[in-house]
1. Under the rule a/c < 1.5 gives rounded, and otherwise a/b versus b/c splits prolate from oblate, where does the stretch 320-453 land using the Cα gyration tensor?
2. Working from Cα positions, state the angle (0 to 90°, nearest 10) between the long axis of helix 118-136 and the longest principal axis of the chain.
3. Can you tell me the orientation of helix 298-312 relative to the chain, as the angle in degrees between its alpha-carbon axis and the longest Cα principal axis, to the nearest 10?
4. Of Lys22/Lys112; Lys54/Lys293; Lys86/Lys389; Lys99/Lys196; Lys95/Lys422; Lys86/Lys422, which ones are farther than 19 Å apart at the Cα?
5. I'd like the Karplus ³J(HN,Hα) series for the stretch 280-296: coefficients 6.51, -1.76, 1.60, θ = phi - 60°, whole numbers in Hz, and an x wherever there's a Gly or Pro.
6. Using only the Cα atoms of the stretch 289-331, what semi-axes does the equivalent ellipsoid have when each is the square root of 5 times a gyration tensor eigenvalue? Give whole Å, largest first.
7. For Ser187, project a label point 7 Å along Cα to C-beta. Then give me every residue of the stretch 144-177 with its amide nitrogen under 19 Å of that point.
8. Check Arg431: other-chain or 5+ apart residues with amide H under 5 Å from its amide H, H built from backbone geometry?
Amino acid sequence: MALAVCFAVPALADVAAPVPNKGDTSWLMVSTLLVTLMTIPGLALFYGGLVRSKNMLSVLMQVFTVFCLCVVLWVLYGYSIAFTEKTAFFGGFDKILLKGVGVDAVAATFSKGVVIPELAYVFFQATFSAITPALIVGAFAERMKFSAVLAFITLWYTFAYLPIAHMVWFWAGPDAYTDAAAAVKASASAGFLFQKGAIDFAGGTVVHINAAIAGLIGAFMIGKRIGYGRESMAPHSLTMTMIGACLLWVGWFGFNAGSNLEATGLAALAFGNTMTATAAAALSWTFAEWMLKGKPSMLGAASGAVAGLVAITPACGWVGIGGALVIGLAAGVVCLWGVNGLKRMLGADDALDVFGVHGVGGMLGAILTGIFADPALGGVGIYDYVADKVADYSIPAQIVSQLWGIGTTVLWSGAVSIVAYKLVDLAIGLRVTEEEEREGLDTVSHGESAYHY
């Protein structure tokens with residue numbers, strides 16, 4: 001999710017209003033379809049295969065319904081709160097129900113004088129806002145009430161996802177940066193983390209760290225599954241998980257390359273970085289697991305690929321191919337530790353390793369973005385729209401900015417999550433009964449079974 005302005009760009013006094021390019025528009029719409037694909041069915045099948053057969057449909061239903069819920073909330077108020085100007089932490093209500101966003105409205109890109117249809121941008125962003133809460137359900141899979149899932153997601157989406165998206169991605173657009181004074185004014189109206197200089201091309205903080213913290217807190221507050229550590233809770237269908245992982249990989253090209261908003265060489269770089277880092281992470285996880293456990297597993301290879309996708313997400317439009325290779329190789333090994341050693345240290349039943357992959361991978365990717373975005377290391381650097389050139393780059397300064405992004409997201413999402421889980425628990429209860437959990441959520445919550453033998 002590239003840093004893009006989300007309000008119509010006015011025509012300058014003596015210059016014709018820019019017109020969207022059909023190629024850019026087409027690419028953004030295809031990218032929106034790809035991100036939808038990576039959620040439903042991609043994420044749903046990836047998660048569904050990892051749970052026990054008695055909970056397969058419950059996971060599919062949670063992912064599918066959360067996606068639908070968040071798209072509706074996005075149209076109602078989410079887009080307005082995330083991408084209109086109000087404060088550095090929260091947008092306003094000017095575009096509730098997409099007020100004023102008609103077929104002629106346009107949104108800025110990263111190039112001066114280049115725009116895209118705002119409606120295309122609205123629904124591209126909608127898919128990001130919908131997959132993020134869907135990631136959370138993997139942490140508390142197999143034990144949370146369906147009604148509680150929906151209530152929690154509504155609260156968390158409103159008070160965690162939307163503000164973080166605003167903080168990281170809202171700005172006035174490149175056309176506002178005409179001179180030094182205008183740049184100061186434009187930057188002052190941007191989101192808090194944008195002002196801090198944090199860079200996140202497609203969602204390392206907004207999507208992955210944000211969701212992972214909510215998932216980890218949920219795993220603690222809801223408690224461990226009955227029999228956890230004593231009974232077998234092996235994935236019931238690694239075939240489904242493999243299919244889901246592959247759909248995630250394919251869809252992720254829309255996620256990352258689409259975030260450039262334009263069909264340019266930078267989109268091609270994000271595409272190539274996504275391919276490279278994912279393949280490298282799958283291999284590094286596989287070989288590390290092979291050395292540690294004696295056998296390379298299909299689950300490990302698929303998990304490594306997802307780890308690579310997560311880690312390259314914030315970096316994909318900022319680093320060169322060499323940087324992507326390093327990020328991928330590091331992600332496979334570090335996230336393998338995240339779902340094993342770190343998970344044991346934390347002691348939470350994060351059922352599908354949301355924090356170990358998305359949290360650890362997102363943090364790693366955010367920090368390495370600060371290093372490998374340096375043009376001296378093959379990165380593209382950060383563009384100075386006033387000077388019309390790539391600005392001087394400082395790795396230490398950028399890492400500080402990246403740490404601002406990580407720390408703010410952890411604290412904000414953590415605080416919202418604790419309050420939201422507690423409110424839902426008080427109102428309707430978070431967890432199904434022990435008897436219902438043993439029977440399985442498919443029949444208890446939905447009156448269906450994934451399989452009939």
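1. Values: a/c = 2.85, a/b = 2.15, b/c = 1.33.
Taking the square roots of the gyration eigenvalues as a ≥ b ≥ c, the stretch 320-453 is prolate.
2. 30 degrees
3. 20 degrees
4. Numbers: Lys22/Lys112 17 Å; Lys54/Lys293 29 Å; Lys86/Lys389 30 Å; Lys99/Lys196 30 Å; Lys95/Lys422 31 Å; Lys86/Lys422 29 Å.
Those over the limit are Lys54/Lys293; Lys86/Lys389; Lys99/Lys196; Lys95/Lys422; Lys86/Lys422.
5. So the Karplus estimates, Gly and Pro as x, are 5, 5, 4, 6, 5, 5, 4, 6, 5, 5, 4, 5, 7, 10, x, 9, x Hz.
6. Values: eigenvalues 116, 22, 7 Å².
So the equivalent ellipsoid measures 24, 11, 6 Å along its semi-axes.
7. 167-177
8. The list, which skips near neighbours in sequence, is Lys145.
The values are calculated or read from the model by the stated rules, or taken from the named source; none is laboratory data. Just so it is clear, the model here is predicted, and its values are computed rather than measured. Ideal geometry is used to build each Cβ from the backbone, glycine not excepted, and the neighbour counts take in all protein chains shown. All accessible areas refer to the heavy atoms of the entire protein, side chains included, with ligands and DNA or RNA removed. Shrake-Rupley method; radii C 1.70, N 1.55, O 1.52, S 1.80 Å.
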